[in-house]
1. Take VAL329 and decide whether it is outside any helix (DSSP H, G or I) and either among the hydrophobic types (A, V, I, L, M, F, W, C) or surrounded by 13 or more Cβ atoms within 10 Å (Cβ to Cβ) (or both).
2. Just the residues that are at pLDDT 85 or above, touching a helix residue (DSSP H, G or I) at 6+ places or on another chain (Cβ under 9 Å) and more than 14 Å from ARG468 (Cβ to Cβ), please, taken from the stretch 420-439.
3. Could you give me the residue pairs with C-beta distances under 7 Å whose first residue belongs to the stretch 1-19 and is closer than 14 Å to LEU234 by Cα, whose second residue is modelled with pLDDT of 75 or more and among the acidic types (Asp, Glu) wherever it lies, and which are 6+ apart or on separate chains?
4. So is VAL338 out of contact with any Gly (no Cβ under 7 Å at 6 or more places or on another chain) and either part of a helix (DSSP H, G or I) or in the same structural domain as ASP430 (by TED's automatic domain parsing) (or both) or not?
5. Taking the condition of being touching a residue at least 24 places away in the same chain (Cβ under 8 Å), surrounded by fewer than 18 Cβ atoms within 10 Å (Cβ to Cβ), closer than 28 Å to ARG328 by Cβ and under 12 Å from the mean Cα position of the chain (by Cα), how many residues in the stretch 196-236 meet it?
6. Within the stretch 396-418, is there a residue that is in contact with a Lys or Arg (Cβ under 7 Å, 6 or more places away or on another chain), over 26 Å from LEU459 (Cβ atoms) and surrounded by fewer than 16 Cβ atoms within 10 Å (Cβ to Cβ)?
7. State the number of residues belonging to the stretch 254-267 that are free of Cβ contacts under 8 Å to residues at least 24 places away in the same chain and touching a helix residue (DSSP H, G or I) at 6+ places or on another chain (Cβ under 6 Å).
8. Which of the residues spanning the stretch 352-402 are polar (S, T, N, Q), closer than 24 Å to VAL473 by Cα and either modelled with pLDDT under 85 or not in a helix (DSSP H, G or I) (or both)?
Amino acid sequence: MGALTSAFPRLAADTVPICLLILAVVTVLNLRGLGEAARAFLLPTAVFILGLLAIIVVGLIHPLALHAPQPGRSLVQTHGLQTVGVLLVLKAFSAGCSALTGVEAIANGVPLFKEPRVKRAKRTEMLLGVILSTLLLGLAELARRWHIGPRSGQTVLSQIMAMAVGRHWAYYIVSLTITLVLALAANTSFGGLPILASLLSRDQYLPHLFALRGDRQVFSNGIWALAILSAVLLVAVDGNTDTMIPLFAIGVFIGFTLAQGGLVIHWRRTRGPRWRARAMVNGLGAVVTASATIIFLISKFTEGAWVVVVAIPAFIFLFTRIHAYYHRVALALHLHEVPARPAGKRTMVIVPVTSVSRLSAYAISEALSLGQEVTAVSVMLDQGDPGDEDARRLEEEWARWDPGVPLHVLRTEFASVVEPIVRYIDEVCDCHEEQIVVLIPVLVPAKIRYRFLHNHLDLVLSSALRSRPDVVVARVTMPLEMQPTEPSGATPTGPSTPRAPTGPSTPRGSPGPSTPRGSPG
């Protein structure tokens, strides 16, 4: 955001919304696939590299606006100048190392390269090193030559660009591409962290959902988790990314140190060709990155580095607890043992119905194909009248239909439909040894906006039976096919004369009302 607000100072007040918008765009691109995200950033990256190289060349040969006034005020305090000592050199060393963070993304993304992966990754890493060193050295020389210092509302890079080419179209184009490329820098986390989370998930240190790929073959759960946490951080620091750079650098250098130290151990164990030289290189890298980590922790501790000191042990504790849980689950499921031979049971299917209709016929047809015994149940409000008209009418309609399945009318003094059905299931479980299956018929309208007009018995009944290990809850859905209006003089077929279903496809065409009375859908 610094590059964007330096070019357009009026946007400084909208830093957080713009950061969240960029984060949303990067998230969507990654959810659609890494290939599409890479292609989207290809042109801005090329413009960024070529534009900065051109600015360096112009600045070294013939700057166009060297003496033009610069916006903002100088933040250099002459009375606060420090002598060049060991501490200042170490702080400069650690700050310079933070500029190199991100090069590890290529190593983390080696599995995404085409074959030969290692050779392609090495070439890409070498090309990145050449480009990065050229840009860094060229801009550092211009900053030294023009005595560039910190200014309010202006980044160092913005000042160099303004002096080299002036605040004209070239300046604004490169500033916009810098913003896009910095968004690409954020994209490296989206390319690396979901893969890392999937590896931790595979090793039982994160929930297994992080190892699942979405329709675009990306780890969408890891991308969503990273996007949400990034949005929280952006809001917490009010969009000031400079506050998060030390946190990011410390985390990266800790990873560098562990990786380099692990490679030293690897070379000592394998003792392959030239293992001593390789171990010395990795050992030197471990010492350098460990030194940068310690310097950052000491110099930036009160500026937010303490968060890393708290967060890393907390994450390690969380990982170990997740791993311990999965270990207990493996013991409970006997994952590494051969289980006993499965034994089947007779199945009793209970179908909740409210009327004689196409939906009831469809559900009972499916139930007959699932179990050896099928029972239909219907709940009626007990109004104290022994000759209840609704219950008597339903029983008469059921007797005329005679689907070969008994109907049990459950009476209740309350308006709850779920409680009588659950109580009936408890009674059946006490008297039968069969596997109990509750098959809930659900009516699915052709248009989504009509779905909330139905009673959704399946949701409340499934919720009530979800924790029952002795009951299997299933849903059978039937699309609602709206029948055209009958012409005058035609005799519609009522619910009292439905045909018995002969299979799963028969109820769909069986006669009956187009909108079943009291349908559980």
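The values are calculated or read from the model by the stated rules, or taken from the named source; none is laboratory data. Note that the coordinates shown come from a computational prediction; the quantities given were computed from them, not determined experimentally. Because the Cβ atoms are built from the backbone with ideal geometry, glycine has one as well, and the counts that use them run over all protein chains shown.
1. Values: outside any helix (DSSP H, G or I): no; either among the hydrophobic types (A, V, I, L, M, F, W, C) or surrounded by 13 or more Cβ atoms within 10 Å (Cβ to Cβ) (or both): yes.
No: the conditions fail for VAL329.
2. Correct list: LEU439 only.
3. Close Cβ pairs (under 7 Å, with a partner that is modelled with pLDDT of 75 or more and among the acidic types (Asp, Glu)) amount to VAL16/ASP238.
4. Considered against the rule, which asks whether it is out of contact with any Gly (no Cβ under 7 Å at 6 or more places or on another chain) and either part of a helix (DSSP H, G or I) or in the same structural domain as ASP430 (by TED's automatic domain parsing) (or both), VAL338 comes out as no.
5. Number of matching residues: 1.
6. In the first step, residues of the stretch 396-418 are kept if they are in contact with a Lys or Arg (Cβ under 7 Å, 6 or more places away or on another chain); the result is none.
Among the residues of the stretch 396-418, not one is in contact with a Lys or Arg (Cβ under 7 Å, 6 or more places away or on another chain), over 26 Å from LEU459 (Cβ atoms) and surrounded by fewer than 16 Cβ atoms within 10 Å (Cβ to Cβ), which makes the answer no.
7. Adding up the residues that qualify gives 3.
8. Matches in the stretch 352-402: THR354, SER355, SER357, GLN372, THR375, SER378.
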